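The values are calculated or read from the model by the stated rules, or taken from the named source; none is laboratory data. Remember, it's a predicted structure, so these values are computed and weren't measured experimentally. No Cβ is skipped: glycine too gets one built from the backbone with ideal geometry, and neighbour counts run over all protein chains shown. Ligands, DNA and RNA are stripped out before the accessible areas are found, and what is left, the full protein with its side chains, is counted by its heavy atoms. Shrake-Rupley method; radii C 1.70, N 1.55, O 1.52, S 1.80 Å.
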Amino acid sequence: MRKHVFLVVLFTLIFTCSALAAEASILVKNGSRGEDVRHVQELLLKQGFLKGDADGVCGPLTVAAIKKFQKAKGLTEDGICGDGTYYYLSGGKTYKGNKEKGSRHKNKQQAEDMTIPSGRALYVSASGYSAHDPGNSKHTATGTLVRKGVIAVDPKLIPLGTKVFIPGYGEALAEDIGGSIKGHRIDVAFDTHEEALAFGRRDIEIIIVE
């Protein structure tokens, strides 16, 4: 009986992790193909940064259009549309994949009511963590509690005290550090161990609020 319950819990956790990992994540760069690219191209066309057709292929013209948009918004001009760039491009929405079309009307009012923070986008590798993870302390390196809304950073890249915005997560403060947190890597704090596991590890674009 215990084995059966364990397997059910394990399956549920794996399913939840997979679902959350697939949500609110987009990466369009040179050579990318598919519906994600087509969707980004449609937004660029609508806002006048791209000319031609939305063909679903990210080539030099699409990369140049992304850079042009990033420059207009004061973002890092890398020609890559990740979650941060997409947040600005879509008017304050997080990417929902195939659900995007069906939720446009529902999200329209939310986008109008949302204030998009100004700043610059930064591409990082992020992992979820919590105070309840084995071996973790309940306090950050700056003495605050580990909780949702905190990130661990490399102070050489992101100074402690920096405010960031993570699409799909919200605002956070750089209050923690870690021995393995070097360069373009951050840890994103959650209130529970389960939430941290569900977030897992993913490459995302964050916005350094200025």
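Test each condition in (1) under 15 Å from the mean Cα position of the chain (by Cα); (2) at pLDDT 80 or above; (3) of a type in the set (S, T, Y) for T62 and report the one that comes out false.
(1)
How many residues, within segment 13-42, are hydroxyl-bearing (S, T, Y) and modelled with pLDDT of 50 or more?
2
When only residues in segment 50-68 that are open to solvent by less than 30 Å² (accessible area, probe 1.4 Å) and out of contact with any Gly (no Cβ under 7 Å at 6 or more places or on another chain) count, which is nearest to Y88 (Cα to Cα)?
Step one: list which residues in segment 50-68 are open to solvent by less than 30 Å² (accessible area, probe 1.4 Å), which gives 50, 54, 56, 58-59, 62-63, 65-66.
With out of contact with any Gly (no Cβ under 7 Å at 6 or more places or on another chain) added as a condition, the list becomes 50, 54, 59, 62, 65.
Working: L50: 16, A54: 19, G59: 21, T62: 16, A65: 14 Å.
Looking at the filtered set, the residue picked out is A65.
In segment 69-79, which residues are open to solvent by less than 30 Å² (accessible area, probe 1.4 Å) and outside any helix (DSSP H, G or I)?
L75, G79
Of the residues that sit in segment 128-157 and are polar (S, T, N, Q) and over 9 Å from E175 (Cβ atoms), which one is surrounded by the fewest Cβ atoms within 10 Å (Cβ to Cβ)?
Among those that are polar (S, T, N, Q) and over 9 Å from E175 (Cβ atoms), it is S137.
Looking at (1) closer than 19 Å to E42 by Cα; (2) modelled with pLDDT of 55 or more; (3) crowded, with 16+ Cβ neighbours inside 10 Å, which is the one condition that is false for G91?
(3)
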